[in-house]
Every structure is written in structure tokens, then in C-alpha cells.
Amino acid sequence: MNLFKELFSELSGFKSIQEAIGNNTSPVSVTGLSHIHRAQLAAALGGEKINLVVTSTEAEARRLCDDINMMSGRNEAVVFPSKELVLTPVDSSNHEYEYMRIAALAKAAKNECTTVCASIEAVMQPVIPCNVLISAGITLTQGQETDLTKLCAELTRNGYQRCEKVEGASQFSVRGSILDIYPVQADRPVRLEFWGDEIDSISEFETETQRRTEPVESIDIPPASEIMYDCNELADRIDELCKKARGKRAAAVREKLGADVRRLRAGELLPHSVKYYPLVYGEPSTVLDYIDGVVMFSDYSAVMDAAGGVESRYNEDVKILLEDGQLCKGLDGHVLELERIRSFTDKRVCLFISNFLQGGERVDFRQLISFEAMQTASWGGEMKQLTEDMDDYLRRDYRIILCAGSEKTLPIIQQDLRERGIDCDLYAECTELKPRRVCLMSGSFSGGFEYPENKTVLITQGRSLDTSSRKRRKKRNKAEEIRSLADITDGDQTVKILPLHGSISTIKVDAGDSQHRLSGAVFGIYRDVNGDGRYTEGIDTFVGNMREKGTGVYELDGLLYGKFLIHEKQAPSGFSQDKNYYSFEITRDGEKVQFEVKPGMNFPNSAFPKTGSSNHGVYAALLALAVSGLGLGAVIFHKVKKASK
């Protein structure tokens, strides 16, 4: 039994929505629903078809996704994020959000989710076409026969990088008859052991220890890039585009695009390949192409305001890049115009959800549906206040759901309530919700709800934010303070935080001679997910390896705002490895971290100690061999003498 879906299906407004969907009535205005009610509506509509919820911000999309999954009891909703559009040449870029997008699209393509939550910015960005995603996907099953060499070639075409040791998403390695691969949508990498051409076993493994953990029957490997292309074919198309360039900027266009052609001819994949989306795919595809159900706009006015901002910023960027010769006619459409988005949504049933009907939406609604719903404040943990609220609801014959604590603490809360004369059951024991009774479940939502129509209320413990590390701030008017996300209401002015990017560089030197720079080191960068300044297996994630830009100078660009770890994975030849993980942080846009182990020391390594004169070492070895076997000693002595000539 799913309590939340059943509760919402009792409401007359939901029955009207189902009738409108069945009759293909669109567009439909749905009013009276705040954030938590919209999540419950999306959860209740989840079924065989895949629905899309469009929000004004990605933060709202994530909150909706969390609440939907909490109500459903499983991960049936996914977040489809926006990504940074890299339209100029770079040495490397962070693909974290691109992997998340591919993972969400792969689930939608295989009907492994019921709801996709996305900001309007993500919806406006073209995606890998559904048929390309499906055809490029690889499924491997235990006992299946496949040629390992051909499989590696296919993985490379799909954007996976071959390396010596798998440490992050989109990497694979081969050691004899063993293939390690980290699919971009997976939580852990997978190891396949071959017996000839047959896959003998498949199991997950830990990146740090490289030890196998859980066996699996099969794995799905989607492509690691949204832009799938053959290097030579794309180079040919860019050449053709350059020949068509006209005007005073034609020379700059040929120069800038010609540099990419040379990289492609050399077999190099472009980190800014999204720039050439129009040449690779032609007509753009959107996440809407993966949707066969209902499209829900969460506060349409805010969504349209956000869309206008996205379109305006993109047009400003394009204007600059056209002036610089980085873009030209035929290289546009990286953000879809609002009219094209509307043409996609016109083909589907659309629900425009808001707290109240707003006159500025300019939508010719074919049906108006209103709910009587209220959002309740979160419970702070005080039992006296909780029981007073419950007594009021119980006197009105309400059914109550209390969402708080963990599975271990629920029996304690149950005992406390029963001692206060309140009848309550654990969620696992509830077969149905009854008037004047309380159902207890673990977890929390972003807010509670109340429906007078069917006399049901949800009381939830608030999702608290960790404030232990926050600095003391200037005192403000208590009435103006925002203590939690629940305090933000429609009409409040908020600030959209854009992604911040930075870079790190370090210089590898000889500890005995700081002027002697060392080449050949390998540095790995890891995201410090829990922010404790230490590497934690299974939590902290691999971002990428630094590139050696010059002798002893290593850099990595495109790091998103946050905390990271730098680790020397391989030392220069003849020098000892520093096995420590050092922390650093990107705190502002464009920040360039010059990492030093100690101030003024850059990143030093000590040379292996010398063992003494080579002649003395040879004579000592000869003496030992002479004792153990005269014949073997004579052979080696002859080789040493010959080498010394």
C-alpha cells in the first residue's frame, strides 16, 4: 500500500485531473497547491508513462525529486540537471553534470523511472537523441560471448577513456582477460572476467582497494558523452562550414575552427564538443522527446521568468563569440528558444500548477481545477507542541501521519505518544489510515500538508541544516530571518547562484634541489564529498588527472565550487611517492589555486637513496654468487666485465 498516492487519489481535484488527462484536455490550470502538494500530485500521477516536472530552479527540482521518492518509497523520480555550455577551446572540462544527465535520460529511455524533475534551463538545452542513446548503449550479461578487443573499441567510440587503473566514471582498463569499467550512471565500477570470449563473472569493486564486492548478473553501459561523433567525419563537416564562412570575420572563423579540425584529425576528442551539436545531430532533441506522459509546470510565471534569463544570457554570450570568430552561422541553437519549447509541449497534456491563478500567464486554459490544501509547519522535535497539535486534529476526526526520526527512534516516539493517550501505529503495521489514529514513519519531507476534504494531515520533522561551522553573523530582525527553506514563500526575492569554476596547479620539484623540476608524475583530483579533508573510499569521488603543461608544471581546469583532494598517484622515475591526500577548496569563480605542500615548497619529492659505488656493488654481488655457485658467478662476471668495456 502506498499511503500518499491513495490519500491524494481521494481528492476531487485529483479525480478531475485524471479525467482531463483521459480526455486529452490541455492546457489545464491547477491552483491551490504549494511545493509539498505538487510533489504528492507528481507521485500520484506516476505510473506506466513518464511525466516531466518543470521548475524555475534546479534546487526546486531536487526538492521535488526527494519528496516524490520519499512518498513513493523508492527512487522512481530522477533529476535532470542543466550543464555548463563550453563553447570555446579548453584542455579539459568537468563532465559531472553531463553524466547525471545521461543517467537520467537512460532511465527514462528504459522506463526505469516515472517522473523526471528538471529546471527550465535544463529543458532548454538540447540532449543526445533518444535513438542514439539507445543504439550506443551496451548491455553485458554473465555467460555472454563478446570479443574483448572490439568491446574496448566500442567503449572508446562511446566516450570512455582507457587508463591503467579505473578510479572514476567514464574510465575503463584492461589487464589480460579482465575488463574494469565505471559506467557513468553507476554507483561503483564493475569488473568483468573473461574465459576466452565468454564473460565468466561480473562483480562490483572498490576503486581504492581494487577488491571485488558484490556479484551482479548484468550491467548497462550508456555512452559517456551526449555528443557522439567520428573525429574525421566531424572534421570534414567543420571544414565544409569554414569554406562557407563569409564577411569580415571569415578569417577568424577559419583560424579558430581550423584549430579544432587539427585536433580532431589527430584523433583527439574535444572537451568543448557541445559547440558542434548542430553539425553532429542537425535538428535538436530535448528531454521532452523522452517523455510520453504529462508535463507539469511548477509555478509557470517563475518558470517563464527563468527561461527569459537563460535565453538572454545565452544571446549575450553568442554575440561575443561571434565577434571573436568562435561561432558562426550554422553553429547556434545550443539553447532552444521559448517558442520551440512551447511547440514541444503543445503535443502533450500540460498542467500549470500554482498557489493561485495569475493573470499574467497568458495561457488559454481549457479547464480550471482548484484544490483546498494547506502546507503545515515542520515539527521541531518538542513533544508538548506535537501532542497539542495532534489533539486538535484528533478532535476533528483527522487521520494523522507523523514523519520523524529513524527506524530505531520510532518505537520510542510511539511509546511517548501512547503514554499521552494517543493511539498510533508504525507505518509497516498500517493496513489503512483510520480517523483519530496516528501512523508513524521514518524520514522527513520539505514540509507537511493538510487536506480538509478527506481530513488528512502530514506532520513532518524539518530537514535541518548543519550550522556548526557557520561564522557568527550580524544580528538581524528576527521577523526577517529565514530559518529553513520552508520559510521561503512565493513572492520572496531570492538570488540564483550560478556554478562557480576554478582550477588548480602545482609544481613538482626535487626535495634536494627546489630549482630542479620533475616530469612524469601523475596527480589525481578527488571531490571531498563529506568535506572532512581526508579521502574516504566509497564517498569521495574521482574528478580527473592533472595534465603536465610544462616540465614539472601540472594543472586541471573546470573544477566546480567546493572542496577537493589532491593525491600523487605516481611519482617521477627515481623518486619516492608522496601517498598523502591534501585538501584544497574552490571558493570563488575563476579562482586559481597554486598548491604547495608547505609555503614556498611547491610539491617536493625525495630521490631514492644511492646504494654506493657501482663497482663495489658488482664485486659484492659476485662474491655472494661465487659462494652459492661458481658456475653462475662466472657467467655473471663475464657479463659485467663485458658491459664495463
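The values are calculated or read from the model by the stated rules, or taken from the named source; none is laboratory data. Bear in mind that the values here come from a model prediction, so they are computed numbers and not experimental data. Glycine gets a Cβ as well: all are built from the backbone with ideal geometry, and neighbour counts include every protein chain shown. These accessible areas exclude ligands, DNA and RNA; they are computed on the full protein's heavy atoms, side chains included. Shrake-Rupley method; radii C 1.70, N 1.55, O 1.52, S 1.80 Å.
Here is how the numbers come out for the structure above:
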{"item": "Under 5 Å, built H, 5+ apart or other chain: amide partners of residue 569", "result": "522, 523, 524"}
{"item": "Those residues of region 330-357 whose amide nitrogen sits under 17 Å from the label point placed on residue 292, 7 Å along Cα→Cβ", "result": "347-349"}
{"item": "Cut-off under 5 Å, modelled amide H: who pairs with residue 158 long-range", "result": "none"}
{"item": "Which of 36, 134 is most accessible, then next, and so on - probe 1.4 Å", "result": "134, 36"}
{"item": "For region 107-218, accessible area per residue (1.4 Å probe, heavy atoms of protein chains only), Å²", "result": "47"}
{"item": "Pairs from 83/563; 256/592; 107/243; 256/569 whose Cα-Cα separation, in the structure shown, is over 31 Å", "result": "107/243; 256/569"}
{"item": "Pairs beyond 25 Å (Cα-Cα), from 5/110; 5/347; 15/455; 49/434", "result": "5/347; 49/434"}
{"item": "Residue 388-residue 529 pseudo-label distance in nm [points 7 Å out on the Cα-to-Cβ vector]", "result": "4.2"}
{"item": "Solvent exposure, largest accessible area first (probe 1.4 Å, DNA, RNA and ligands not counted), of 601, 296", "result": "601, 296"}
{"item": "Positive-end residue of 314, 146, 37, charge dipole of the chain with Cβ unit charges", "result": "314"}
{"item": "Accessible-area ranking of 62, 395, largest first, probe 1.4 Å", "result": "395, 62"}
{"item": "Hydrodynamic radius (Kirkwood) for region 347-440, which is based on Cα pairs only, to one decimal in Å", "result": "16.3"}
{"item": "Unit charges on C-beta of K, R, D, E only; dipole of region 511-583, Debye", "result": "80"}
{"item": "Sorted peptide list for 248-258, 2-12, criterion being average Cβ within 10 angstrom, highest first", "result": "2-12, 248-258"}
{"item": "Share of carbon and sulfur in the accessible heavy-atom surface of region 164-313 [1.4 Å probe, %]", "result": "45"}
{"item": "Tensor-based shape of region 151-300 (alpha-carbon gyration tensor, a/c under 1.5 rounded, otherwise prolate or oblate)", "result": "oblate"}
{"item": "Calculated Rg and Dmax of region 63-170 using C-alpha coordinates, Å", "result": "16.4, 46"}
{"item": "Positive-end residue, the chain charge dipole about Cα centroid, Cβ charges, pick of 356, 176, 286", "result": "176"}
{"item": "Lys, Arg +1 and Asp, Glu -1 on Cβ, resulting dipole of region 158-261 about Cα centre, debye, nearest 20", "result": "1080"}
{"item": "Computed E for residue 211/residue 141 - FRET, C-beta separation, R0 22 angstrom, nearest 0.05", "result": "0.45"}
{"item": "Relative contact order (%) - region 112-214, alpha-carbon pairs under 8 angstrom, separation at least six", "result": "18"}
{"item": "Under the Karplus curve 6.51 cos²θ - 1.76 cosθ + 1.60, θ = phi - 60°, whole-Hz ³J(HN,Hα) for region 560-576, x wherever Gly or Pro sits", "result": "6, 3, x, 9, 9, 10, 10, 9, 7, 7, 8, 8, x, 4, x, 10, 7"}
{"item": "Of all accessible heavy-atom area on region 42-96, the percent that carbon and sulfur account for (1.4 Å)", "result": "45"}
{"item": "Relative contact order of the chain, defined on C-alpha pairs under 8 angstrom at six or more residues apart (%)", "result": "14"}
{"item": "Table column - 3J(HN,Hα) (Hz), region 434-444, Karplus curve with 6.51, -1.76, 1.60, x for Gly and Pro", "result": "10, x, 6, 9, 10, 10, 9, 9, 7, x, 7"}
{"item": "Lys, Arg +1 and Asp, Glu -1 on Cβ, resulting dipole of the chain about Cα centre, debye, nearest 20", "result": "2240"}
{"item": "Cα centroid of region 69-119 to Cα centroid of region 375-444, whole Å", "result": "36"}
{"item": "Rounded to 5, percent antiparallel among DSSP beta bridges of the chain", "result": "55"}
{"item": "Centroid-to-centroid separation of region 278-306 and region 143-161 [C-alpha atoms, Å]", "result": "33"}
{"item": "Helix 630-644 vs. the chain, principal-axis angle (Cα, 0 to 90°, nearest 10)", "result": "90"}
{"item": "Sites residue 577 and residue 91, calculated FRET efficiency, Cβ-Cβ separation with R0 25 Å, nearest 0.05", "result": "0.50"}
{"item": "Under the Karplus curve 6.51 cos²θ - 1.76 cosθ + 1.60, θ = phi - 60°, whole-Hz ³J(HN,Hα) for region 201-212, x wherever Gly or Pro sits", "result": "7, 9, 8, 6, 8, 8, 5, 6, 8, 6, 9, 5"}
